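Chemist: Attaching a single structure in structure tokens format; questions to follow.
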Amino acid sequence: MNLIQYYWNIGSTRFRHLATPGRYAFDGAVFTTTCGMRLDRGRPVIVHLDHPLMHVGDQLFFRPLVWRLKQAGFDISVTNRPSVDFLFEDVRRAEEQPRPGAVVVLRHEALREAWRLYGPYADYFVIRQISRGIRRPVANFILEAFAEWFKLAELDFSIDKTCFLPLSVRPGLVLKKFGLPETRPLIILSNYVDSGRHRKLPSRESAMLTQAARLKNETSAAIIHVGTGRDRERDHRDYSKLVDYDLRARTSVEDLFHLLACANIGRVFCFDTAILHIAHVLSVPTTLFVKYYFSRAERVQKAAAFYGFFERPEVQAPQSM
């Protein structure tokens, strides 16, 4: 597949025209090499998520599809980024070798790499996750689009916390590990963006810090600052007057799941990052700072469609952005 074909396929998903010969555009955000026919349970399905552009949230979006296919008895395997091994520990690891006849499910950014791994005789179900043709929560779209194309009406389309978590969250262990209070209200602050930095304007970050400080004063809560080691290295500001517990560079992705499951987490402040998606999985109240090109009435609706997992996630879009 050359670059012209590749980008034509991407464009075809947006405008719903036919893709290049032997490929089909579908539902405003999918192109595929498979015909729209019922999927046989004996046919291998590989969900390919091991790509540098697949962040934690991006991989979470595919977890309900993996879980529902496994429940229905399909031959499902996964490749994923090492940071989320714990999320897919209940699923067989895919062999990175040519797999004639397999159906490979993936995002469009990973297609060229997957083509080299699994070969031209596998079939590909490719999702352009940033397409504005997606008008419902992304995890719902992936599950429903796959089931519709392969005529799997018997799949359970409901999505809840059990779809995302093969493990039991243990908040007590994380509280003890980092010396956090068990009864004092806690606020999670994540003022970083590891991709799409245009979403993090100084005015939005300032509004986030101001609102976090105000809520801390009103509720006598402790603020927990989370971020990566790289975030901490590049940010030389002094947060000592605002932050009570600095956990930047100290938590794994699995730690964050356990941390946000704590009963005394009162609020999460964040941009569109992994923290947002973890908070939604665990139903933690979240103040999300989103782009400002939507009207006030549209912002919460768009946040639900593009950033949420469920039909009406509890997302607040602040006025001062």
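Chemist: For residues in the stretch 90-114 being crowded, with 19+ Cβ neighbours inside 10 Å and in contact with a Lys or Arg (Cβ under 8 Å, 6 or more places away or on another chain), which is modelled with the lowest pLDDT?
Modeler: His108
Chemist: In the set Ala274, Ala249, which member is of a type outside the set (S, T, N, Q), under 16 Å from Tyr192 (Cβ atoms) and touching a residue at least 40 places away in the same chain (Cβ under 8 Å)?
Modeler: Testing whether each residue is of a type outside the set (S, T, N, Q), under 16 Å from Tyr192 (Cβ atoms) and touching a residue at least 40 places away in the same chain (Cβ under 8 Å) leaves just Ala274.
Chemist: Still on this model: Go through the stretch 115-221 and tell me which helices (runs of 4 or more DSSP H), entirely inside it, have 3 or more residues that are surrounded by 19 or more Cβ atoms within 10 Å (Cβ to Cβ) and among the hydrophobic types (A, V, I, L, M, F, W, C). Don't jump to the end; show me each part of the working.
Modeler: Values: elements: 138-149, 161-164, 171-178, 202-219.
Counting at least 3 such residues, we get 138-149.
Chemist: Given the residues Glu113, Glu154, Glu148, which is the only one that is over 14 Å from the mean Cα position of the chain (by Cα), of a type in the set (Asp, Glu) and within 20 Å of Leu53 (Cβ to Cβ)?
Modeler: Numbers: Glu154 fails: within 20 Å of Leu53 (Cβ to Cβ); Glu148 fails: within 20 Å of Leu53 (Cβ to Cβ).
It is Glu113.
Chemist: Tell me the residue from Asp255, Asp238 that is surrounded by fewer than 16 Cβ atoms within 10 Å (Cβ to Cβ) and assigned by TED's automatic domain parsing to the domain that holds Gly179, please. Give the steps one after another, and end with the answer.
Modeler: On the way: Asp255 fails: surrounded by fewer than 16 Cβ atoms within 10 Å (Cβ to Cβ).
Result: Asp238 is the single residue among Asp255, Asp238 that is surrounded by fewer than 16 Cβ atoms within 10 Å (Cβ to Cβ) and assigned by TED's automatic domain parsing to the domain that holds Gly179.
Chemist: Would you please list the contacts, defined by Cβ atoms under 8 Å and residues six or more apart or on different chains, that run from a residue in the stretch 115-129 that is over 13 Å from Gly101 (Cα atoms) to a residue that is surrounded by fewer than 19 Cβ atoms within 10 Å (Cβ to Cβ) and among the polar types (S, T, N, Q)?
Modeler: Leu117/Gln97
Chemist: While we're looking at this one, here's another question. As an exercise: evaluate Gln97 against (1) under 15 Å from the mean Cα position of the chain (by Cα); (2) more than 18 Å from Cys163 (Cα to Cα) and give the number of the one condition it does not meet.
Modeler: Status for Gln97: all satisfied but (1).
Chemist: Every residue in the stretch 131-154 that is hydrophobic (A, V, I, L, M, F, W, C), out of contact with any Phe, Trp or Tyr (no Cβ under 9 Å at 6 or more places or on another chain) and more than 19 Å from Phe74 (Cα to Cα), please.
Modeler: Correct list: empty.
The values are calculated or read from the model by the stated rules, or taken from the named source; none is laboratory data. Quick caveat: nothing in here was measured; it's all calculated off a predicted structure. Note that each Cβ is placed from the backbone with ideal geometry, even for glycine, and that neighbours are counted across all protein chains shown.
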